[in-house]
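Q: Take a look at this one; I'll ask things after.
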Amino acid sequence: MNTSITSSVTATVALAAMATLLTACNSNPTRATACSLPQGPDLNRAIAAARFDLETGCEQQFDQYFQRLLTIAEGDPKKDNKSAFSDFLIWANEQGLLSKRQARETYTRYFGVKYVSLISDYSVCDQTCPRRAEVMREMNKELVDKEQGLLKVSADRREFYRANRLFQETELVLEATCEACGSIE
């Protein structure tokens, strides 16, 4: 009879432990939408959702969230979107998701006229000319990003055309400069 009481007590203790674990799991629910990229046409709501997710464990997916926000903003292009993205990138820096330099370069890559892929403190002849084709490929990729940010997100044709003109002028200047340096590829 002792064994049956012991078995009964053991079973009761086991059931109580399982009930405690289940209660603990239910009192600390995980979000069903953890790290789900924002949806919908409203950029401000999408930014708020992105901020929440990025603060609560999704920081490794910052680039995917940023790309999704750009896509959402394309659905309602307007000049105010530039400041919404600027504010978002400043927030990302303050949260430690991006360095100040990364935030500035990301903003410039999409919404600025200058090219972050060309910025250099080195000699053009020594540093840029030997890899001129690579620099131009990177600038061309950046021009595509500027098209998205300036035209499709911000509806800022004037600034996009300035960026495009700068790309074309840079290509000509680099060709002439590298020829003068004697390092044409």
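The values are calculated or read from the model by the stated rules, or taken from the named source; none is laboratory data. Because the structure is a prediction, the values reported are computed rather than measured. A quick note on method: Cβ atoms are made from the backbone with ideal geometry, for glycine too, and the neighbour counts reach across all protein chains shown. Side chains are part of the model used for accessible areas, which takes the heavy atoms of the whole protein and leaves out ligands, DNA and RNA. Shrake-Rupley method; radii C 1.70, N 1.55, O 1.52, S 1.80 Å.
Q: Mind checking which residues of the stretch 147-181 are touching an Asp or Glu at 6+ places or on another chain (Cβ under 8 Å) and either surrounded by 19 or more Cβ atoms within 10 Å (Cβ to Cβ) or at pLDDT 95 or above (or both)?
A: Within the stretch 147-181, Q148, L150, K152, V153, F160 meet the criteria.
Q: Within 24 Å of L174 (Cβ to Cβ) and among the small types (G, A, S), is that true of S99? Give the steps one after another, and end with the answer.
A: Details: within 24 Å of L174 (Cβ to Cβ): no; among the small types (G, A, S): yes.
For S99, the condition - within 24 Å of L174 (Cβ to Cβ) and among the small types (G, A, S) - is not met.
Q: Which numbered condition in (1) within 12 Å of the chain's Cα centre (by Cα); (2) modelled with pLDDT under 95; (3) of a type in the set (A, V, I, L, M, F, W, C) is the only one that M18 fails?
A: (1)
Q: Do you know which residues across the stretch 44-73 are open to solvent by 20 Å² or more (accessible area, probe 1.4 Å) and touching a residue at least 24 places away in the same chain (Cβ under 8 Å)? Show your work before the answer.
A: Residues of the stretch 44-73 open to solvent by 20 Å² or more (accessible area, probe 1.4 Å): 44-45, 48-49, 51-52, 55-57, 59-61, 63-64, 67-68, 71.
Once the filter is applied, which keeps residues that are open to solvent by 20 Å² or more (accessible area, probe 1.4 Å) and touching a residue at least 24 places away in the same chain (Cβ under 8 Å), the stretch 44-73 yields N44, R51, E55, T56, E59, Q61, Q64, R68.
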